[in-house]
Amino acid sequence: MSWSGFKKAVNRAGTSVMMKAGQIEKTIDREFELEERRFRTLESAANKLQKEAKGYLDSLRAMTAAQTRIAETIDAFYGESGAADGVSRYYRTAVEDLDADTVKALDGPFRATVLEPISRFCSYFPDINEAIKKRNHKLLDYDAMRSKVRKLVDKPADDAGKLPKAEADAEMAKQIYEEINDQIVKELPQLIDLRVPYLDPSFEALVKIQLRFCSEAYTRMAQVQQYLDPSTREDYAGGLLDTRVEQVLQGMRDLSITGLSA
């Protein structure tokens, strides 16, 4: 920061303190305050959307990776006993293909149509916040000059030239403040109104990507289902699977090695 910038920062800090103490009147701009609140709501929602969009992609990868590990464990658990129907092997192949083909194929389109556009939208926020910060600084400068003029009017200085100079400085500060304030108040609503048409294509792409993933997952799992034991499928459809599981558990309890027999 330059020496001039440092002095301005100090002066503005002093102005803020005096405002809090009620020694300097603060300009109230209801129109700006309304638009800033609307922008803060948009900024918070967009940043959250960016975070959740990235989290969705990470979760998709994590889920299929977990499915692959489960499939590998189940295949190893069945071992040679699963060789007759090969269902554990088919399941493992299905989830590996889902991870290798579907998720990796969706990664690029998801980034291009969902994540990157949302991130690009969020990338404008630092510049907007910098403009708002500058506007607030210029308002402090203007309020400080107005206060100086008022003091010189209430208690004239020995130097008659001080008041005209202070009035000229206040008018210049007012013009600088109003220029940036008017621009922000005009353009913030435009940015907020553009959020829906900007997001629409990404929203549509997100739905299509989710539909494709769910359809692919359903298709692959349905293919595995045909290799399951027919009686298991029938028991599941008829609501008898719990009974069958309980029978198997009872058979395990009857084994002396479990230590659970009566």
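The values are calculated or read from the model by the stated rules, or taken from the named source; none is laboratory data. Treat the numbers as computed from the prediction; the structure is a model and nothing was measured. Methodologically, a virtual Cβ is constructed for each residue, glycine included, from the backbone with ideal geometry; neighbour enumeration extends over all protein chains shown.
Run down L228, L206, L199, L191 and say which single residue is surrounded by 14 or more Cβ atoms within 10 Å (Cβ to Cβ), touching a helix residue (DSSP H, G or I) at 6+ places or on another chain (Cβ under 8 Å) and either part of a loop (DSSP other than H, G, I, E, B) or modelled with pLDDT under 90 (or both).
Going through L228, L206, L199, L191 in turn, the sole match is L228.
Does K162 meet the test of being basic (K, R), touching a residue at least 40 places away in the same chain (Cβ under 8 Å) and surrounded by 14 or more Cβ atoms within 10 Å (Cβ to Cβ)?
no
Among G55, G108, G86, G79, which is the only one that is surrounded by fewer than 13 Cβ atoms within 10 Å (Cβ to Cβ) and more than 32 Å from the chain's Cα centre (by Cα)?
G79
Yes/no matrix, rows are residues, columns are (1) of a type in the set (A, V, I, L, M); (2) free of Cβ contacts under 8 Å to residues at least 60 places away in the same chain:
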{"position": "I132", "(1), (2)": "yes, no"}
{"position": "A144", "(1), (2)": "yes, no"}
{"position": "K155", "(1), (2)": "no, yes"}
{"position": "D158", "(1), (2)": "no, yes"}
{"position": "Q183", "(1), (2)": "no, yes"}
{"position": "L194", "(1), (2)": "yes, yes"}
{"position": "P197", "(1), (2)": "no, yes"}
{"position": "V207", "(1), (2)": "yes, yes"}
{"position": "F213", "(1), (2)": "no, no"}
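So, in segment 41-50, exactly how many residues are among the charged types (D, E, K, R) and surrounded by 12 or more Cβ atoms within 10 Å (Cβ to Cβ)?
Final tally of qualifying residues: 1.
Have a look at Y177, Y227, Y198 and point out the one that is in contact with a Phe, Trp or Tyr (Cβ under 7 Å, 6 or more places away or on another chain), under 20 Å from E33 (Cα atoms) and among the hydroxyl-bearing types (S, T, Y).
On the way: Y227 fails: under 20 Å from E33 (Cα atoms); Y198 fails: under 20 Å from E33 (Cα atoms).
Step by step, each of Y177, Y227, Y198 is checked, and only Y177 is in contact with a Phe, Trp or Tyr (Cβ under 7 Å, 6 or more places away or on another chain), under 20 Å from E33 (Cα atoms) and among the hydroxyl-bearing types (S, T, Y).
Of the residues in segment 232-254, how many are at pLDDT below 75 and either surrounded by 11 or more Cβ atoms within 10 Å (Cβ to Cβ) or hydrophobic (A, V, I, L, M, F, W, C) (or both)?
Residues that pass the stated criteria total 9.
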